[in-house]
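Below: one structure, written as structure tokens.
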Amino acid sequence: MDPNNSSFVGIISGITFPNDVNTTSAGDLLGGKIFGNIDEGNNILQDIGTLPGAIGFTGVLPAGTYSI
């Protein structure tokens with residue numbers, strides 16, 4: 001994947017992101033994913049919960065408030 005043409009999405013529980021984004025680690029997140037052109041046309045939502053080191057989740061997140 002071209003690092004100049006990729007993005008990162010992370011998700012946490014709650015209405016605000018409590019940590020400085022520059023010092024946040026995977027362990028602070030429910031999940032996340034680096035994505036780019038290679039993912040075009042694919043549903044990446046299932047992949048977000050499998051970020052190594054993250055809290056993780058499988059399937060659909062339950063009702064609640066989340067920040068991305």
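The values are calculated or read from the model by the stated rules, or taken from the named source; none is laboratory data. Since the model is a prediction, treat every value here as computed from it, not as a measurement. Glycine also receives a Cβ, built like all others from the backbone with ideal geometry; neighbour counts cover every protein chain displayed.
Things to note:
- Selection count, segment 1-10, where residues are more than 17 Å from SER67 (Cα to Cα) and exposed (fewer than 13 other Cβ atoms within 10 Å of the Cβ): 5
- Within segment 48-67, the set of residues being surrounded by 10 or more Cβ atoms within 10 Å (Cβ to Cβ) and at pLDDT below 90 comprises just one member, LEU61.
- Residues within segment 34-57 that are assigned to a loop (DSSP other than H, G, I, E, B), more than 10 Å from the chain's Cα centre (by Cα) and touching a residue at least 12 places away in the same chain (Cβ under 8 Å), tallied: 4
- Hits in segment 11-33 (condition: outside any loop (DSSP other than H, G, I, E, B), surrounded by 14 or more Cβ atoms within 10 Å (Cβ to Cβ) and free of Cβ contacts under 8 Å to residues at least 40 places away in the same chain): ALA26, ASP28, GLY31, GLY32, LYS33
- Residue that is modelled with the lowest pLDDT [pool: residues in segment 19-33 that are over 14 Å from the mean Cα position of the chain (by Cα) and farther than 18 Å from SER7 by Cβ]: ASN19
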